[in-house]
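Chemist: My questions will all concern the structure given below.
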């Protein structure tokens, strides 16, 4: 039986998952450096092991509300083909093996508006949305300028 390994995290009281193949690490929220005229979903840059990583506010992206940092707040470091980003989440809860048959496609619900939701994990007492981080990041306005800003910062260092 095939399974899908997901990092489960919480935003706005809801559970989401990202495939572990994208996840580099899970970090505590450190010092964040703001960039001038940055997009509202971008919190700024954080230095992780010498690399500057743009931090994205997942609560703002998913619910247009600002995430407030607390003790449980974590940054899920995600490696995409063109960029590394940090997804700020309210809590990184667990790594879970999900049976493939419990993953339901959103095509069943006719939802084409949120292309970054790959499907739903339907467990007995939990419903978890699976996010595709590449689609999520590419759906954001202004990501090109963020990539350029990160590249400029890396050249300076």
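Chemist: Report the relative contact order of segment 3-156, percent, no decimals, based on alpha-carbon pairs under 8 angstrom and at least 6 residues apart.
Modeler: Taking the mean separation of contacting Cα pairs over the length of segment 3-156, I get 26 percent.
Chemist: Could you work out how far apart the two model spin labels at residue 27 and residue 147 are, taking each label as a point 7 Å from the Cα in the direction of the beta carbon, and quote it in nm?
Modeler: The two pseudo-label positions are separated by 2.1 nm.
Chemist: Compute the angle between helix 143-156 and the longest alpha-carbon principal axis of the chain, please, reported from 0 to 90 degrees and rounded to the nearest 10.
Modeler: 50 degrees
Chemist: Kirkwood hydrodynamic radius (Cα pairs, Å) of the chain?
Modeler: Value: 16.2 Å, from the Cα pair sum.
Chemist: Now for a separate question. If each residue's Cβ is checked for other Cβ atoms within 10 Å, how do 51, 2 rank with the fewest at the top?
Modeler: 2, 51
Chemist: For segment 1-90, what's the relative contact order in percent, using C-alpha pairs closer than 8 Å and at least 6 residues apart?
Modeler: The normalised contact order for segment 1-90 reaches 28 percent.
Chemist: State, to one decimal in nm, how far the label point of residue 2 lies from the label point of residue 64, with both points 7 Å from Cα in the Cβ direction.
Modeler: Those two pseudo-labels are separated by 3.8 nm.
Chemist: Something else: For the chain, modelled as a GNM with alpha-carbon contacts under 10 angstrom, which of 102, 19, 81 fluctuates the most?
Modeler: 81
We did not get these values from a lab; they are worked out from the coordinates using the rules stated. Bear in mind the structure is a predicted one, so any value in this text is a computation, not a measurement. Here Cβ is always computed from backbone atoms with ideal geometry, including for glycine, and neighbour counts include all displayed protein chains.
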